[in-house]
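First comes the structure, then the notes that go with it.
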Amino acid sequence: MSCNGLEHVLHDLSVRREARVAWAQDAERFLAKFVLTRDEADMVKNLDVAAMLAAGVSPLLTYGFWMTNAQERTRKAYLTRLGGPS
């Protein structure tokens, strides 16, 4: 797996509105533009920030990605997804 590929996707989804729109419309098509393994693409689609962190992705990018793309955009929800206290 490549941490760089995941970080590139997260950066785009965190800062580019067009990327978020494209992802919301067709996640598979959007992710096909990046060099990702199937597991990496699944991490993004499932907002699996714990797996991303385990793969070496920057915590700043995972948090920014969560706060701009998750259904529940709270620090508590992010920490819960990481397996922390709810």
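The values are calculated or read from the model by the stated rules, or taken from the named source; none is laboratory data. In this text the structure is predicted, and so the values were computed from the model without any measurement. Every residue, glycine among them, receives a Cβ derived from its backbone with ideal geometry; neighbour counts consider all protein chains shown.
Some observations on this one:
- Some residue of the stretch 15-22 being farther than 23 Å from P59 by Cβ and surrounded by 11 or more Cβ atoms within 10 Å (Cβ to Cβ): yes
- Inter-residue pairs, beta-carbon under 8 Å, first among the aromatic types (F, W, Y) and in the stretch 41-56, second in a helix (DSSP H, G or I), 6+ apart: none
- Looking across the stretch 12-42, the residues that are within 17 Å of M67 (Cβ to Cβ) and not aromatic (F, W, Y) come down to D12, L13, S14, V15, R16, R17, A19, R20, A24.
- Residue pairs whose Cβ atoms lie under 8 Å apart, separated by 6 or more positions or on different chains, with the first residue in the stretch 64-75 and closer than 14 Å to A50 by Cα and the second assigned to a loop (DSSP other than H, G, I, E, B) and among the basic types (K, R), are W66/R73.
- The one condition in (1) closer than 21 Å to R81 by Cβ; (2) assigned to a helix (DSSP H, G or I) that A22 fails to fulfil: (1)
- Selection status of L6, outside any helix (DSSP H, G or I) and under 9 Å from the mean Cα position of the chain (by Cα): no
- The stretch 32-86 holds no helices (runs of 4 or more DSSP H) entirely within its bounds that carry 3 or more residues that are at pLDDT below 95, surrounded by fewer than 15 Cβ atoms within 10 Å (Cβ to Cβ) and touching a Leu at 6+ places or on another chain (Cβ under 8 Å).
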